[in-house]
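Taken together, the values in this text are just the output of simple stated rules run on the coordinates, not laboratory data. Note that the structure is predicted; figures quoted are calculated from it, not measured. Don't worry about glycine lacking a Cβ; one is built from the backbone with ideal geometry, like all the others, and counts go over all protein chains shown.
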Amino acid sequence: MKNRFKRTKVAPGIYRRGDTYEAFANVNGKTYSAGSHPTIKRAKDEQATRKAELLSALQIKPKLSDKTPFRAYAEHWVKTRMAGAKPFKPSMERTVRSHLTTLNAVIGDVKLRDFSPEKLRQIEPSIAPGKSPKYRKNLLQTMVSILEDAFKFGTLKRDVTTFFDYPEVPKAKVSAPPFDQAMRIVGAMRFPFNIAAVLAAMTGMRQGEILALEWTDVEWDALEITVSKARDQATGRSITPKTDAGIRSVTITPLVVAILRAYQIQQRERITGARVRAEAMIARYGSSTHRAAKARRILTSLEGEHWDRYLFPARIVQKWTSADGSTKTRREGRLPVLEARNLVREFHATREATGVRMRWHSFRHVFASNVLASGGPGALNQLARQLGHVDASFTLKQYSHVLEGRAQQLLQPMDALLSTPSDAFDLAQLLAPGGKK
């Protein structure tokens, strides 16, 4: 009879016991457990992660050579980048680690010395074959960055990525719904989600930038909003914009100023009303009832200074019970503002109810398309600054199709110049049958 509890070695530091795979990391002559896992791929990933963590804790540099597997060098690359002067932002780190999960499934065990230009051409079709060309290109860019790093620091003797060609990504035309359709969604959204949507459609700001806004960022008299930070989707923390151009002053219209002033008054009235209702509940039900305890929690949460600081403040919940019954704890450093998932949930529900097909990011396209359609090429530089683009050429590339239908309108001034009386020529003669005699 086969012993299902017998441990069998299937790879260095990986043992199979029954239906699970046990992983171990050997560092500095000692062996550390990396847990039990349902698949060998998961065991190898956790083994590499555990080893990198131990090396970091012991401040020992891993022994890297051309015999190092891709997954081990990739983990070293991420750890080095995060400890450097310009670490990945949390959302980018999450994206890179997601890429590595996909890449390691195909090339995780390939030793660095086995990579070559021909090898890369062979494995390229097998990496996420069913995904979109854009996603596959992003994956391959991560892979190339890691291999270039290995060459740069001497682990690889030659640059195997020199002649690597990325898959062609079809240019997707940026489309935006008509302004009135976008406003149908805004009109159906609840307070204060509708105010965030108005700002997105009327300023072109990104979702994270809007959620991180403070009232001191609004320059009422100058008709501007200063954008210097954003709420990170992955961690909820305040981060700087992706580029230097992202730190900017966004121009707003007098109508947007009026909407914000009305919103500020309504927001403060609601907060005051919540305090009054909580105090009345305590007075009515006493200090020992469940309702009074709930009212006290509400009063405590309303004492925070963030209610007067941010445009979209929210109640801070330190601990809560999730749907699966587990207790969740709030991460340190999260901005005390509206959760992005709640904003998107409201947007999706309203979108389905109105039947308008668009994404939240389409508000940004609605703004850019309408500014270009009304202002023409002359508005391009201002639009690029407003959107936080590094270069106006990128803005033009994204929205050039908006200008295509305005060719006749843009050329009308040339007709006006030609029609201006001049001693140089006689327009009437040019228009006469047979031309000038």
Computed from the beta carbon distance with a Förster radius of 45 Å, FRET efficiency for VAL276 and GLU219 to the nearest 0.05 stands at 0.90
Quotient of C-alpha Rg and 2.2 N^0.38 Å, computed over the stretch 207-268 = 1.18
Sequence order, the stretch 356-372: Karplus ³J(HN,Hα) from phi using 6.51 cos²θ - 1.76 cosθ + 1.60, θ = phi - 60°, Hz rounded, Gly and Pro as x, gives 8, 9, 6, 9, 4, 4, 5, 4, 5, 5, 4, 4, 5, 5, 6, 5, 5
What spacing in nm lies between the two simple spin-label points modelled at GLU168 and SER98, each 7 Å away from Cα in the Cβ direction?
-> 2.8
Two-site label geometry, TYR32 and ASN381: point separation in nm, points 7 Å out along Cα→Cβ = 5.6
Paramagnetic label zone (point 7 Å from Cα along Cα-to-C-beta, ILE40; backbone N under 18 Å) in the stretch 63-79 = 69-72
Taking a ≥ b ≥ c as the square roots of the eigenvalues of the Cα gyration tensor, with a/c under 1.5 meaning rounded and otherwise prolate when a/b exceeds b/c and oblate if not, the stretch 131-182 is prolate
Rg to Rh for the stretch 61-152: what is it, with Cα atoms only and Rh by Kirkwood?
-> 0.95
Gain on full stretching of the segment that runs from SER374 to ARG296 - 0.36 nm per residue minus C-alpha separation | 22.8 nm
Return the sequence-ordered ³J(HN,Hα) values of the stretch 115-124 in whole Hz as given by the Karplus equation 6.51 cos²θ - 1.76 cosθ + 1.60 applied to θ = phi - 60°, using x for Gly and Pro.
-> 7, 7, x, 5, 4, 5, 5, 6, 7, 3
Residues meeting the amide H criterion for VAL10 (H placed from the backbone, H to H distance under 5 Å, 5 or more places apart or on another chain) are TYR15, ARG16
Modelled FRET efficiency - R0 41 Å, GLU352 with ASP244, Cβ distances, 0.05 increments = 0.60
PHE179 label point, 7 Å along Cα→Cβ, cut-off 17 Å on backbone N: hits in the stretch 247-279?
-> 251-259
Could you work out how far apart the two model spin labels at ASN342 and LYS157 are, taking each label as a point 7 Å from the Cα in the direction of the beta carbon, and quote it in nm?
-> 6.0
Compute the whole-percent fraction of alpha carbon pairs in the stretch 1-159 spaced more than 19 Å apart.
-> 58
For the stretch 109-114, in residue order, the Karplus 3J(HN,Hα) values (coefficients 6.51, -1.76, 1.60; θ = phi - 60°; whole Hz; Gly and Pro = x) are 8, 6, 6, 4, 5, 8
For ARG268, put the label point 7 Å out on the Cα→Cβ axis and report which residues of the stretch 196-226 keep their amide N under 17 Å from it.
-> 214-221
Taking the square root of 5λ for each eigenvalue of the C-alpha gyration tensor of the chain, the equivalent ellipsoid has semi-axes, largest first and in whole angstrom, of 49, 40, 19
So, in the stretch 22-115, how many Lys pairs have Cα atoms under 15 Å apart, if the pair is 8 or more places apart or on different chains?
-> 10
